1. Could you line up TYR287, TYR210 from fewest to most neighbouring Cβ atoms inside 10 Å?
2. Mind putting a number on the dipole of region 27-270 about its Cα centre? Charges go on the C-beta only, +1 for Lys and Arg and -1 for Asp and Glu, and I need it in Debye to the nearest 20.
3. Enumerate by residue number the GluC sites (Glu not before Pro) in region 146-192 meeting two conditions: DSSP loop (anything except H, G, I, E, B), and at most 12 other Cβ atoms within 10 Å of the site's Cβ.
4. Quick check on the exposure proxy: order LEU298, LEU98, LEU338 from fewest to most C-beta atoms within 10 angstrom.
5. Please give me, ordered by residue number, the trypsin sites (Lys or Arg not before Pro) of region 94-150 that lie in loop per DSSP and have at most 13 other Cβ atoms within 10 Å.
6. Pairs of Cα atoms under 8 Å, at least six residues apart: use those to get the relative contact order of the chain, whole percent.
7. Tell me the angle of helix 335-358 to the major Cα principal axis of the chain, expressed in degrees between 0 and 90 and rounded to the nearest ten.
8. Treating the angle as unsigned and between 0 and 90°, give the value, to the nearest 10°, between the Cα long axis of helix 274-298 and the longest Cα principal axis of the chain.
Amino acid sequence: MIFLIGAFTVLNVLFYLKLAFEWKQIPNIQQAESLRPFSVIIPVRNEEKNITHILKDLDNQKYPYDLFEIIVVDDFSDDKTIETVNELKSSLNVQTRLIKLDDKNSHGKKHALTAGVNAAKQEIILTTDADCSLEENWINSYNDAFDETTNMVAGPVGIQGNNLFSKLQQVEFAGLMGFGAVTISKENPSMCSGANLGFRKRAFEEVGGYSDNLFTPSGDDEFLLYNIMRRFPHSTRFMKTKNAVVTTPAHSKLSSFINQRIRWTSKWKYNKNPFVRLSAVLFFIDYLLFYVGIAGALFHEFNSLLIGSFIFLRFIAIWSFVGPVNSFLKGNNSFWPLLIFQIIYPLHVLFMGMNSIFGSYTWKGRKYR
């Protein structure tokens, strides 16, 4: 058993060191010579507290107002989201439209995004979420990232917050975002975030949009990424520029955090990319062995110094990767949160993995199994 724990430790260390190296190799975006038009889609459900902020961020973009439009798609909100958008539209400089889903049998984010894409006047679609904050050069960054050969651009997303719970979420998401960026750059995609995503309408239509994954409420970003990269090789890139970083608040409640993570992990079993499925299984085994090693050291079954060395090496390796990514995403100092996170994250993965298979979750007032 100690040999198996040691072998997975070596694999873990090499894996994160490789990710750290490949993160540094992702090229920066070069400034474009001309300007392109965009349609920005924001799917919403019960976002009356957030929608004003995101619309004002878009209205404050340093980009010609006649070269982009905003489409807000309402997914049967039962708060004052619709009223808020209608009141605000007339005060915005950029053309803003509100679309409402009308078939209650066709609800959820994927249906909202599809309605937005169908209504979009422009070929290049940008998506974000109502609870996000955007830099004033966000659209400029997408203009630089797209050229005539580009079908999809994945943008960076960071978590905001100053307490320990928020910082733990920061380092977790920085690891996920960095992993997604590296795998996209290597043409073997694992993940991206719909909170910061761009794609061509033509590519969306050619892969059938979300028609092959409507059975799961999550995955509007990840499955579309995989389908477009498979259908159009070498036409997707990660947008590694700080002007493009979209930030979203950390969860303040543990219950909302757990619901979101179960929603995310529930889609892995539907993922068509064998690399992603294999990675999920290997991570699960690795973290299980991590706790077996700690338990063995506590009960004097394994040499405590050896297990401690394993833990130290794992931490240095993951810090070499997550630290720079977290800094790029405008996160706080990651050393202590990451040190704590290394101990609790395996439990988090094991818990979420089991719940994604056997549990249920609530999202936007709807319950899913």
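Since every read-out is calculated from the coordinates, none of them should be taken as a lab result. All of these numbers come straight from a predicted model, not from anything done at the bench. For neighbour counting, all protein chains shown are included, and Cβ atoms are generated from backbone atoms with ideal geometry for every residue, glycine included.
1. Least crowded to most crowded, the residues run TYR287, TYR210.
2. Roughly 660 debye for region 27-270.
3. Answer by residue number: GLU148, GLU187.
4. Listing LEU298, LEU98, LEU338 from fewest to most nearby Cβ atoms yields LEU298, LEU98, LEU338.
5. When the trypsin sites (Lys or Arg not before Pro) of region 94-150 are filtered for loop state and at most 13 Cβ neighbours within 10 Å, LYS104, LYS121 remain.
6. Reported as a whole number, the value is 22 percent.
7. Between helix and principal axis, roughly 80 degrees.
8. 40
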